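Below is one structure, written out as structure tokens; the observations come after it.
The values are calculated or read from the model by the stated rules, or taken from the named source; none is laboratory data. Everything numeric in this text was worked out from a predicted model, so none of it was measured. Neighbour counts run over all protein chains shown; Cβ positions are idealised from the backbone, glycine included. Keep in mind that these areas ignore ligands, DNA and RNA; they rest on the heavy atoms of the full protein, side chains included. Shrake-Rupley method; radii C 1.70, N 1.55, O 1.52, S 1.80 Å.
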Amino acid sequence: MFKKILIANRGEIAARIIRTAHKLGIKTVGIYSKSDKNSVAMQWANETYALGEDALDATYLNIEKIIQIAAFTGCEAIHPGYGFLSENADFATACEKSGICFIGPSAKVIALMGSKQSARDLLLKTDIPIVPGYQGKKQDPDTLLQAAREIGFPLLIKPSAGGGGKGMHIVSKEAHFATLLAQSQRESQAYFADTTVILEKYIKPTRHIEVQIAADHTGKVLHLFERDCSIQRRHQKIIEEAPCASIDDGLRQKLGDMAIKVAKAVNYTNIGTVEFVVDAAGKPYFIEMNTRLQVEHAVTEQITAIDLVAWQFAIAAKQPIPLSQDDIQRNGHAIEVRVYAEDPENHFLPATGIIEEIVVPEPTDSLRIESSLQVGDVIGIHYDPLLAKLIAWGETRQQAITKLQQSLEHVHIVGIKNNLNFLRKVIYSPMFADGAIDTDFLTRHKAVLEAPLSIPGPFVWSIAAVGALLNSIKHQQNGYYYHPEPGSPWQKTNHWRLNYHATHEIRLKNINNQLNEILYIQRPADDFIVTKEANEREAEYTLSFNAGFVSPNIMQVIKDDRAQFFYCMQHKNSLYLFINHTGYLFEIIDPFTIDKIDENLVKESLESPIPGVIRDIFVKEGDTVSEGMPLLILEAMKMEHTVKAPYDGVVKKIDYKKGDTVEGRVVLLHLTPTRKP
């Protein structure tokens with residue numbers, strides 16, 4: 001076994017690999033970009049080395065520098081994790097030339113299966129069914145359009161060298177083909193330095209089912225059952241489970257046998273995944289092979305009790321797989337959800353910001369948490385927006401769902417938009433419980449799952465107001481109210497007033513719904529009376545609170561003799577409230593400030609919906625544009641977003657140029673309307 005390895009990755013997967021390495025007594029070397037210097041993974045590694053700033057080419061894609069660090073530190077092997085260089089044949093070759101073991105398959109296999117084009121060519125020579133499509137070497141637009149017509153619409157455009165749904169687009173009709181082809185090729189060049197695409201018939205409805213395989217240097221190839229990865233947005237998985245609840249044992253065995261046959265056809269070694277789609281009639285089609293560890297590998301580990309990273313180390317060290325196919329048994333059911341920095345209410349666009357507060361439950365035998373988040377982490381534009389993964393296990397699928405529901409009630413991330421509310425909607429939905437899952441699941445149930453966050457009712461507003469007031473109280477100070485000026489005499493006043501109770505004015509703005517409320521709180525004895533008028537004696541709500549007796553952020557509200565727990569966390573002027581399966585974000589407004597809005601500026605300027613890099617600008621100052629016309633392209637967190645004209649107008653001024661990095665919500669260009677927007 002290896003004595004020291006370098007981990008050519010970051011974030012939760014780097015932390016995951018380090019955990020197994022240390023369990024096996026293997027020393028680890030971590031590498032980091034500027035923003036990852038103080039990350040959890042770097043705190044766990046035995047040694048750490050800087051790569052430079054945050055640009056990918058200079059850091060996690062810098063093959064020469066990574067090899068130099070591995071050689072300098074005496075590492076015997078490099079684990080690539082997933083993403084970045086994990087499926088880069090040049091990196092595997094560079095490791096081999098340097099006498100360093102690449103923990104994965106050979107460079108030849110990576111090159112063969114890393115190209116969807118060559119993988120399809122190979123499997124066409126076997127009896128393994130593949131999705132009808134085009135993988136030819138001719139890549140000019142006319143040839144691709146003709147091939148698309150022969151395949152028929154709808155179809156999928158996929159980067160040949162790609163993965164993770166990046167650069168993939170559904171083309172519903174011929175009129176959209178040229179535009180989406182150009183976009184896919186741009187994204188493919190940006191992500192994979194290769195514009196080659198393949199075309200595939202779009203099968204609908206379909207289930208996305210993948211099979212975990214393991215292969216050693218003796219020729220032994222095993223499968224570790226399947227995972228259902230059908231719940232996706234932008235062709236990227238967000239919920240995975242094992243085993244697949246919607247297939248029978250006959251199809252399960254067939255998928256396992258086909259996966260082994262694919263691995264043997266390319267002389268595969270190490271851990272890998274063979275991916276299939278299964279149509280409504282139950283017919284499977286091979287789509288691709290991932291020659292690396294998968295993000296969702298944890299659900300397989302939970303049902304097999306096999307540490308796949310430990311197996312990767314052993315296989316790379318030329319040790320034989322210690323089990324036979326019959327030895328591998330599945331036990332129970334596991335479900336994983338991916339927590340992303342993104343805004344489900346705004347087309348799942350990625351979000352950036354600073355992690356201000358984190359609350360997660362304690363891991364148990366039935367709950368696994370994979371994350372490297374910590375308070376103060378900056379989530380920027382350079383990397384994938386994955387924040388954390390929660391994996392729940394149960395003896396049955398329903399038990400796993402219940403455990404996941406309970407766990408999601410206790411996960412809170414403040415400071416950056418995320419998809420936690422959306423995940424809760426999915427996991428609590430009866431549609432998910434029924435198990436009728438396919439790749440159109442989110443689209444089919446979009447009206448329910450992607451509906452805007454419910455407008456807070458009077459009860460929620462009241463709790464938020466009292467939460468804001470309680471957070472302004474200086475804890476452990478005998479109930480004295482907090483005043484920001486040190487030594488102020490107002491530090492020594494409580495809520496008592498002569499003849500009547502003190503009235504506290506709380507101004508709140510609900511961020512999601514852009515609603516404002518002014519609430520007044522009186523506090524006779526231990527109750528809080530919340531009203532909408534300062535002198536109103538009739539209460540909106542009379543609430544009793546127990547604050548901070550479980551933890552500083554957990555409170556208990558008692559109304560009409562019914563007790564209910566909720567989370568309430570405040571950072572600066574932001575207040576996060578979680579109650580009834582939903583997280584709300586409020587801004588506490590200073591009553592002495594007035595927001596001024598320049599109506600002309602709002603109407604005639606377009607802001608960046610996300611922070612990112614301007615990859616292309618399609619217009620120039622003075623151009624006349626029509627509603628819906630593409631104006632420019634922003635790229636952030638491995639995705640491309642096209643900013644379109646919201647109305648007919650004339651481009652008055654462009655504030656940035658191609659290649660500039662911009663923050664979120666900054667004015668990109670000024671567009672004078674030619675008709676009223």
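Based on the mean of other Cβ atoms within 10 Å per residue, sort peptides 566-578, 80-92, 177-189, 360-372 so the most packed one is first.
The peptides rank, most packed first, as 80-92, 566-578, 177-189, 360-372.
At q = 0.06, 0.07, 0.08 Å⁻¹, what log₁₀ I(q)/I(0) does a Debye calculation on the Cα points of the chain give, no solvent, two decimals?
Calculated log10 I(q)/I(0) at the listed q: -0.39, -0.53, -0.69.
How much length would be gained if the chain were fully extended between S574 and N546, taking 0.36 nm per residue of separation minus their Cα-Cα distance, in nm to one decimal? Before the final figure, lay out each step's value.
Numbers: separation 28, 0.36 × 28 = 10.08 nm, distance 2.15 nm.
My answer for the length gained is 7.9 nm.
Which far-off residues, 5 or more places away or on another chain, put their amide H under 5 Å from the one on G52, with H placed in the peptide plane?
K34
Please label the shape of the range 123-226 as rounded, prolate or oblate, based on the square roots a ≥ b ≥ c of the eigenvalues of the alpha-carbon gyration tensor (a/c under 1.5 means rounded; beyond that, a/b larger than b/c means prolate, else oblate).
prolate
Listed highest first by mean packing, meaning other Cβ atoms within 10 Å per residue, what order do 19-32, 642-655 come in?
Highest to lowest by the protection proxy: 19-32, 642-655.
Of all DSSP beta bridges located in the range 1-104, what percent are antiparallel, nearest 5?
Bridges in the range 1-104 that DSSP calls antiparallel: roughly 0 percent.
Working from the alpha-carbon coordinates of the range 1-79, get Rg over Rh, Rh being the Kirkwood radius. Walk me through the intermediate numbers first.
Working: Rg = 11.4 Å, Rh = 12.2 Å.
Taking Rh as the inverse mean 1/r over Cα pairs, Rg/Rh reads 0.93.
Once phi is turned into θ = phi - 60°, what whole-Hz ³J(HN,Hα) does the Karplus curve with 6.51, -1.76 and 1.60 give for every residue of the range 365-370, x standing for Gly and Pro?
Values per residue, Gly and Pro as x: 4, 9, 9, 10, 10, 10 Hz.
Hey, what's the per residue convex hull volume over the C-alpha atoms of the range 606-677, in cubic angstrom? Intermediate results must be reported in sequence, preceding the final value.
Values: hull volume 5.1 nm³, N = 72.
It is 71 Å³ per residue.
In nm, what is the difference between 0.36 nm times the number of residues separating V667 and L24 and their Cα-Cα distance?
Values: separation 643, 0.36 × 643 = 231.48 nm, distance 5.22 nm.
Contour length minus Cα-Cα distance gives 226.3 nm.
Hey, with R₀ at 51 Å, roughly what FRET efficiency would F565 and D434 work out to, going by the Cβ-Cβ distance, to 0.05?
Step by step, r from the Cβ atoms, then E = 0.95.
If you split all Cα-Cα distances of the range 57-124 into 10 Å bins from zero, what percentages do you get per bin, shortest first?
Pairs per bin, as whole percents: 21, 51, 21, 7, 1.
Between the range 401-472 and the range 176-192, what's the alpha-carbon centroid distance in Å?
Using only Cα atoms to place each centre, the spacing works out to 34 Å.
State the percentage of accessible surface on the chain attributable to carbon and sulfur atoms; use a 1.4 Å probe and exclude ligands, DNA and RNA.
About 51 percent, which is the carbon plus sulfur part of the accessible surface.
Pop the C-beta distance of H235 and E362 into the FRET formula with R0 = 51 Å and round what comes out to the nearest 0.05.
That gives a FRET efficiency of 0.90.
Tally Lys/Arg at +1 and Asp/Glu at -1 over every other residue whose Cβ is under 11 Å from the Cβ of E621; what's the total?
+1
Residues with amide H under 5 Å of D194's amide H, sequence separation 5 or more or different chain, H placed in the peptide plane at 1.01 Å from N; which?
Q189
Ordered by packing density, taken as the mean number of other Cβ atoms within 10 Å over each peptide's residues, highest first, how do 554-561, 346-353, 122-129 rank?
The peptides rank, most packed first, as 346-353, 554-561, 122-129.
I need the calculated FRET efficiency for the pair Q405 and A310, taking r as the beta carbon distance and R₀ as 25 Å, to the nearest 0.05.
The calculated FRET efficiency here is 0.25.
What's the extension gain from K644 to A58 if we count 0.36 nm per residue and subtract their Cα-Cα distance?
207.8 nm
Based on DSSP, what percent of beta bridges with both residues in the chain are antiparallel, to the nearest 5?
Around 90 percent antiparallel, to the nearest 5.
For every helix of n ≥ 4 consecutive DSSP H residues, a contribution of -39,500 (n - 2.57) applies; sum these over the chain, divide by its total residues, and give [θ] at 222 nm rounded to the nearest 500 deg cm²/dmol.
On the way: 18 runs with 168 residues, N = 677.
The helix contribution divided over the chain gives -7000 deg cm²/dmol.
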